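Have a look at the structure below, then the notes.
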Amino acid sequence: MVVVSVLKLSAQEPLYLVNGERREEIETIDPEHIERIEQFPADEQTIARFGPEAGNGAVVVTLKFDRAPRFNHPEGWSFAEYITREVDWQENDLTARIAIRYHISEEGILEVDKILEATDKRLLRRIEKALEECPRWEPAQKENRPVKSASYVLRLTLPEGRELPPERYIIIR
């Protein structure tokens with residue numbers, strides 16, 4: 001029997017710090033949430049500043065907030081589930097898709113930045129109404145103060161579980 005062991009070569013990885021906390025990687029951080037990135041070389045000054053873990057350099061990421069905004073629904077629904085339930089788009093309605101970019105204000109109010117896609121105006125109107133009536137969020141926090149969040153995108157295709165039919169094209173030869 002041959003046993004293969006895979007070791008992560010941490011000797012080649014820099015030290016990653018996100019808002020002062022050590023991380024194994026930073027690839028999963030949404031770029032919209034990043035305020036600043038600083039890279040430090042693998043030298044004596046970096047080791048003196050960050051400790052021996054920074055022997056291969058350091059990457060320090062500062063996010064726009066310490067805690068992301070939270071949508072707290074009493075039933076435990078996610079934000080997308082809440083909007084889907086509020087819209088009341090029936091199985092016999094045409095399949096439609098919507099994509100809306102939004103952020104959460106310091107007061108916890110959802111503010112629409114841009115309608116990115118709307119394949120049905122009726123669905124758009126219903127979703128806009130649900131967004132206006134949406135309960136307040138817990139705003140993002142930075143240094144224990146509420147701050148405006150980065151942008152997020154709500155993407156829904158309704159009725160749930162269905163796909164949009166393919167677009168039809170007319171080819172003139």
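The values are calculated or read from the model by the stated rules, or taken from the named source; none is laboratory data. Source: prediction; values computed, not measured. Because the Cβ atoms are built from the backbone with ideal geometry, glycine has one as well, and the counts that use them run over all protein chains shown. Calculation scope for accessible area: heavy atoms of the full protein, side chains included, ligands and nucleic acids excluded. Shrake-Rupley method; radii C 1.70, N 1.55, O 1.52, S 1.80 Å.
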Q) Simple spin-label model, 7 Å along Cα-to-Cβ: residue 53 to residue 170 in nm? A) 6.4
Q: Determine the relative contact order of region 1-141: mean sequence separation of Cα pairs under 8 Å and six or more apart, normalised by residue count, in whole percent.
A: 21
(Q) I'd like the orientation of helix 121-132 relative to the chain: the angle between its Cα long axis and the longest Cα principal axis, in ° from 0 to 90, rounded to 10. (A) 60
(Q) If amide hydrogens are placed 1.01 Å from N in the peptide plane, which non-local residues have theirs closer than 5 Å to the one on residue 106? (A) 148
Q.
As a test of reading the structure, rank 149, 78 by solvent-accessible area (1.4 Å probe, protein chains only), most first.
A. 78, 149
Q | Rounded FRET efficiency, nearest 0.05, which uses the C-beta distance separating residue 143 from residue 93 and R0 of 35 Å | A | 0.15
Q: Once you've got the Cα coordinates, tell me which of 64/114; 121/148; 64/129 are over 27 Å apart.
A: 121/148; 64/129
Q) Carbon and sulfur together cover what percent of the accessible area of the chain at a 1.4 Å probe radius? A) 48
(Q) Below 8 Å, C-alpha to C-alpha, sequence gap of six or more: please give me the relative contact order for region 103-173 in percent. (A) 37
Q) For region 30-173, with every protein chain kept in place, what is the accessible area per residue (1.4 Å probe, Å²)? A) 67
Q) Which entry in (1) 282; (2) 125; (3) 106 is this structure's computed volume of the Cα convex hull per residue in Å³? A) (1)
